[in-house]
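Peer 1: Next up is a structure, given as structure tokens.
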Amino acid sequence: MTCVFRKELMKQGKHISTYICIVMILLFIVFEFVMALRSYEHFMAVYNSHTVPSGTQVRLQNSAKAILESFTSPLVPANAPTWSLAIAAAVGPIVSCIVGAIIVGNEYRFGTQRLLLTVGPTRSSIWAAKVLTLFTFIIIFLVSACIVGVISIYIIRMSHSIPNGSPLVIGSPLAETLAAIASLFLWGVTGMMVTILTKSTMFGAIAGIVWPYIESLALDQLPIRQVLPLYNQKSLLSHAFAQIGQNGPVAFTMPMQPAGVVQSATITCIYIILFLLLSLSVYRRQSVQ
């Protein structure tokens, strides 16, 4: 399977869509940090303005330290990896769903599935190599996000005068990393599964957009949301990045009443395993085109 995985990884590395998706999200991370800088500058302009009403000025003075910490926290180099992971976990599922669809969709699109099977590997080996390729992409994507985030913060601090804020009190870096990986992997596997079921890369790619839209608008107020993937995935992120809250450049909207950490983690893992098993079962039995 190692040989198959290497070929799948090289094939995905040559796909222009992979680079486009990664670059778009990395640029979005840079944009979010720039917006955090603009928010800080706006706060300082209001705070130093003589036109601010006296009551507002007094309130700002009484809570200046806490407010200043909230605006400078995203711009502290030690906090950059946490913020970058949070942003990547928030908007990355769309990208991972597209990449997951492309990884398995190439064989359907170009009709190379029969040729791939004739060279020796079993369908299970091919499927496992594709899943491992998706996981590798997610790891590379998250590492790239952290690197870009740190570089962005250092460039911003070199070009602007920003006071040193306090590092975040991080509960568990491992929990943050695992939550980010699980969020991306869930929707990447979803893209793979839908592509295998429909034999269409397009349907697999849009699954990461259509289902969150349906769940957010049509099912969000129903009791059934407690067992749905998007609600539990976002609940998991809200626990993993609890020290960030809804401030700063965090792109995801936390549920008003998130599920417990055990429930959200368990249900997210159940969906991942279920989608993996379903895609494997269908892939092994599909007729070769």
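Peer 1: Under 22 Å from F137 (Cβ atoms) and polar (S, T, N, Q): is that true of Q243 in this structure?
Peer 2: No.
Peer 1: Moving on. How about the stretch 191-201: which of its residues are in a helix (DSSP H, G or I) and in contact (Cβ under 8 Å) with a residue 40 or more places away in the chain?
Peer 2: Across the stretch 191-201, the qualifying residues are G191, M192, M193, V194, T195, I196, L197, T201.
Peer 1: Would you mind finding the one in V46, V30 that is modelled with pLDDT of 75 or more and in a helix (DSSP H, G or I)?
Peer 2: V30
Peer 1: State all residues of the stretch 1-25 that are hydroxyl-bearing (S, T, Y), under 20 Å from V143 (Cα atoms) and surrounded by fewer than 16 Cβ atoms within 10 Å (Cβ to Cβ); if no residue qualifies, say none.
Peer 2: Within the stretch 1-25, S17, Y19 meet the criteria.
Peer 1: Since A78 meets every condition but one in (1) surrounded by 21 or more Cβ atoms within 10 Å (Cβ to Cβ); (2) more than 30 Å from A205 (Cα to Cα); (3) hydrophobic (A, V, I, L, M, F, W, C); (4) modelled with pLDDT of 70 or more, which condition does it not meet?
Peer 2: The single condition A78 does not satisfy is (1).
Peer 1: While we're on this one: Does the stretch 1-23 contain any residue that is out of contact with any strand residue (DSSP E or B) (no Cβ under 6 Å at 6 or more places or on another chain), at pLDDT below 70 and either more than 28 Å from S96 (Cβ to Cβ) or not in a helix (DSSP H, G or I) (or both)?
Peer 2: Scanning the stretch 1-23, I find at least one residue that is out of contact with any strand residue (DSSP E or B) (no Cβ under 6 Å at 6 or more places or on another chain), at pLDDT below 70 and either more than 28 Å from S96 (Cβ to Cβ) or not in a helix (DSSP H, G or I) (or both), so the answer is yes.
Peer 1: Also: What residue, of G171, G120, is outside any helix (DSSP H, G or I), at positive phi and either modelled with pLDDT under 85 or surrounded by 24 or more Cβ atoms within 10 Å (Cβ to Cβ) (or both)?
Peer 2: That would be G120, the only listed residue that is outside any helix (DSSP H, G or I), at positive phi and either modelled with pLDDT under 85 or surrounded by 24 or more Cβ atoms within 10 Å (Cβ to Cβ) (or both).
Peer 1: Whether any residue in the stretch 242-263 is of a type in the set (A, V, I, L, M), modelled with pLDDT of 85 or more, touching a Leu at 6+ places or on another chain (Cβ under 9 Å) and crowded, with 19+ Cβ neighbours inside 10 Å is what I want to check.
Peer 2: Among the residues of the stretch 242-263, not one is of a type in the set (A, V, I, L, M), modelled with pLDDT of 85 or more, touching a Leu at 6+ places or on another chain (Cβ under 9 Å) and crowded, with 19+ Cβ neighbours inside 10 Å, which makes the answer no.
Peer 1: Additional query: Given the conditions (1) farther than 23 Å from R38 by Cβ; (2) modelled with pLDDT of 85 or more; (3) surrounded by fewer than 19 Cβ atoms within 10 Å (Cβ to Cβ), report the number of the one that Y154 does not fulfil.
Peer 2: With (1) farther than 23 Å from R38 by Cβ; (2) modelled with pLDDT of 85 or more; (3) surrounded by fewer than 19 Cβ atoms within 10 Å (Cβ to Cβ) applied to Y154, the lone miss is (1).
The values are calculated or read from the model by the stated rules, or taken from the named source; none is laboratory data. If you're wondering where the values come from, they're calculated on a predicted model, not measured in any experiment. Cβ atoms come from the backbone with ideal geometry, glycine included; neighbour counts cover every protein chain shown.
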